[in-house]
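Reviewing the structure listed below.
Read the figures in this text as sums done on the coordinates, not as results from a lab. These numbers come from a predicted model, not from an experiment. So basically every Cβ, Gly included, is an ideal-geometry build from the backbone, and we count neighbours across all protein chains shown.
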Amino acid sequence: MTSVLKVEGTGIRFGGLVALEDVSVSVPEWEIVGLIGPNGAGKTTLFNCITGLYTPNTGTVYHRDRDISPLPTHRRTALGIGRTFQNIGLVRGLTVLENCLVAQHPRIGYGALSGIFGGPRSFVEERKLRAYAMEVLDFFDLTSLADSSLDGLPYGTLKLIEIATVLATDPDLVLLDEPTSGMGPDEAHRLGEQLLELRKTLNLTMLMIEHHVPVVVDVCDYVYCLNFGRVLTEGKPTDVRNHPEVVAAYLGDEAVEGEDLSDEEHIAEHEEAEADVVP
Amino acid sequence: MATATEVLRPVTTREDKWRPSTKGWVARRAVLLLILGGIVFLTASVEGFWADRIARAAIFAVIGLSLNMVLGYIGQVSLGHQAFVGIAAFIAAYYATEKAGCEFEGCSMSTFITSTVFAALSGAIAAGVLGLVALRIRGLYLALITLAYGLVSQNSIFEISFLTRGGAGMPAVRPDGWVGDHAFAFLTLIFLAGVIFVDWSMMRSKVGRAILSVKHSEPVAASYGINVTGYKIIAFVLSGLFAGVAGSLLAFRNQNVVANDFSFVETLTWVLMVVVGGLGNRVGVIIGSAFFAMFGFILEPVLHWLGGLWGPLHFLEEAGAQAYVVIIVGAALAIFTIIEYPGGIGQQVSPITRWLGGQRFSMHPDGHGKHQTQASEASKTGVMGRLGLQRSGSTDEVTEASDETAPTSVMERATVMEQATASPPPPPAPAVHPDDEPVAHASGSADDPPGKPDPVPEVGGTDEGPASRKRGFLGKLGLQKNGAAQQEEKTR
């Protein structure tokens, strides 16, 4: 099985601070891979290296066995690497619909000159873009918000809009940076289910940074745990969750080995949900 | 089950999109024509020297739009705009006089156009160089560099004697047929219209959106697939292009280009007029620019009167005092704008411009009223409903929300679905064609009773197959809709 994304031996340092050292991550086709680790472990830095916002000192990034290390960020997006941001990465001055239009940028079928001087092609293409953006918004039931500005929208809705815009870039790999941040356990669980649904319907591969352990356990097929810029451990979510070093990294060395981090309340909820679906 | 999905589609019409009636459009067009006609009538009917001032106002508006491109759209600072305008003015005059020999033989229209093209190109190149600098430096340091750029060109290029004829100034004869002040005012208005069109066209296209997102956040823009470097340069080059056009017009309006016309004071005035007009607001910038162009002339009699009033105020009557008073008043206006009305004139007139653009007349932009809260409520619960993953407890929530909005709840959709299955069997459609649907439903009114299924399934179901699917996501989407419907049915 080929991996959609392969990061090999990535290392980056900022001055004297080693942010990442020899990190290797592989994301196989159609899998949701989790990236966990305490604050400052280098998770978002790794994302920035993958998308090209940072240039790593060592290592290579492969997208479908193609070395994309020399490519700038926008070219990587055009290849199909979509990405969300920890603090919502939407353009504030634009409406929801316009954000979806911006996100389609690399696929737009007219040149910049045609746009600037009002070429007829640009008008035709704009209509198509609009229809497509509405389609994506419709998928998330956000059509009623299409023309409203982002100001004043609830945080959860903004997160959803961000995911919608990332899908508008037509990615085959989505990097999600804490998609459930700022959400309660209920909402987080719901978003996890949505992600699974999206993966199924849109054939997406995902790499997600996530702090909600229950969501990681539910959604991810494989988990990498980073700590101090290194891969602490990797494996199936349940194994990683109970890995003594992971527990130590999160809770400090004093913590009891092998403590189960999942909360019972969440499990109860999950069962309830299942009972609801199956008649 | 595809039919059920199709019936379910009306759930998301753009309900709060309000469009004016035909009458409303007629009224809007009439008011717009009245404004444009008013400008034309004014230009034609006023005395010659006022027509000349209108030409100056139009040129200022072009400069304002040029500066707005840098300050307002891409969010960088330029204090060196007098360099672009000045270089362009000298080049235009130089070409017309020295190369085409207009000084004694008169200037043909084609010469005028050619020299304007040269001027625009030189402005674009000059600004493009600054754009390259702006890639590495921003904020205060960029402001300092542009300032130096302007001052250096003022003291070097504008001192080249074959351009300035040894400081006497390079003459620029107006093109035949457009020599009179009225005619030339119309010529500048035509060019202003062209610049406005390019500005509008750019902002409505992908270029404008890309530039705005680069201003907002470069990492976000890049991760949307936007070439940040490229669009920054494009913004600067376009700004230089407009500045070049303005420079050429200014050269032919003044009929003699001297270096003094392009001093730093001018740039300050231009920056102030863009700020007072409203950064990033086309209409506001044009009004602000025209105001600042006219302000000096309106001020003239006032200053004269003040100067004659009291001995120590005599300096107000001196030549050049006007420009400084404009700067001082402009600065005060700019401070007032920044503190009290950050949107500038553009924000003050926005109810009118929004109305002209086909929205309701209101003091606040659409989407800030009750519509928004309703809509966001729907969106919070909507996705779950769409994906058929309703969990216990949240169903009540949805029903509540849907009392006032479109039929989003599972219950209401179920009614729709039952009615759909009860009605005569529509032809089986394996895939929903996602493209036509929103168009079809956008026209349907928002408060369609949920019991009446849209006629689309009967009509549209037959001629669509998997072959009609579009690129990537859309095709997958078609599948998804069916999947969701099936799942929802299972839930029942």
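The table that follows gives values for the structure above.
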| item | result |
| --- | --- |
| Sequence of A:M183, A:M134 once ranked by neighbouring C-beta atoms within 10 Å, starting from the fewest | A:M183, A:M134 |
| Rounded to 5, the percent of DSSP beta bridges in chain A classed as antiparallel | 55 |
| Packing-based exposure ordering (other Cβ within 10 Å, fewest first) of A:T169, A:T2 | A:T2, A:T169 |
| Förster radius 41 Å - calculated FRET efficiency between B:E159 and A:T55, Cβ distance, rounded to 0.05 | 0.40 |
| FRET E, pair B:Q348, B:K23, Förster distance 30 Å, beta-carbon r, rounded to 0.05 | 0.65 |
| Partner chain coverage, peptide A:127-135 - average Cβ within 10 angstrom | 4 |
| Given charges at Cβ of Lys, Arg, Asp, Glu: region A:91-149 dipole, positive-most of A:G119, A:V102, A:V136 | A:G119 |
| When each of A:K43/A:K159; A:K159/B:K232; A:K6/A:K43; A:K128/B:K215; B:K206/B:K232 is checked by Cα-Cα distance, pairs over 21 Å | A:K159/B:K232; A:K128/B:K215 |
| Highest average packing first - B:88-94, A:81-87, B:42-48, Cβ atoms within 10 Å | B:88-94, A:81-87, B:42-48 |
| Given chain A, longest segment not containing exposed loop GluC sites (Glu not before Pro) (DSSP; at most 12 other Cβ within 10 Å) | A:1-253 |
| Compactness of chain A as Cα Rg over 2.2 N^0.38 Å, two decimals | 1.06 |
| Rh by Kirkwood over Cα pairs, then Stokes-Einstein D for region B:22-262 at 1.002 mPa s and 20 °C, µm²/s | 114 |
| Gain in span if fully extended, B:W200 to B:A44, counting 0.36 nm per residue against the direct Cα distance | 53.5 nm |
| B:V117 versus B:I190: modelled label distance in nm, points set 7 Å from Cα along the beta carbon direction | 1.6 |
| B:E317 versus B:A332: modelled label distance in nm, points set 7 Å from Cα along the beta carbon direction | 2.3 |
| Long-range Cα-Cα pairs in region B:101-190 (distance over 18 Å), rounded percent | 62 |
| Ratio Rg/Rh [Cα only; Rh per Kirkwood] for region A:91-149 | 1.00 |
| Sites A:K200 and A:R230 - FRET efficiency at Förster radius 41 Å, r taken between beta-carbons, to 0.05 | 0.80 |
| Computed label-point distance, nm, for sites A:S24 and A:D221 using a 7 Å Cα→Cβ extension | 2.0 |
| Ranked list, fewest to most other Cβ atoms within 10 Å of each Cβ, for B:L140, B:L299 | B:L140, B:L299 |
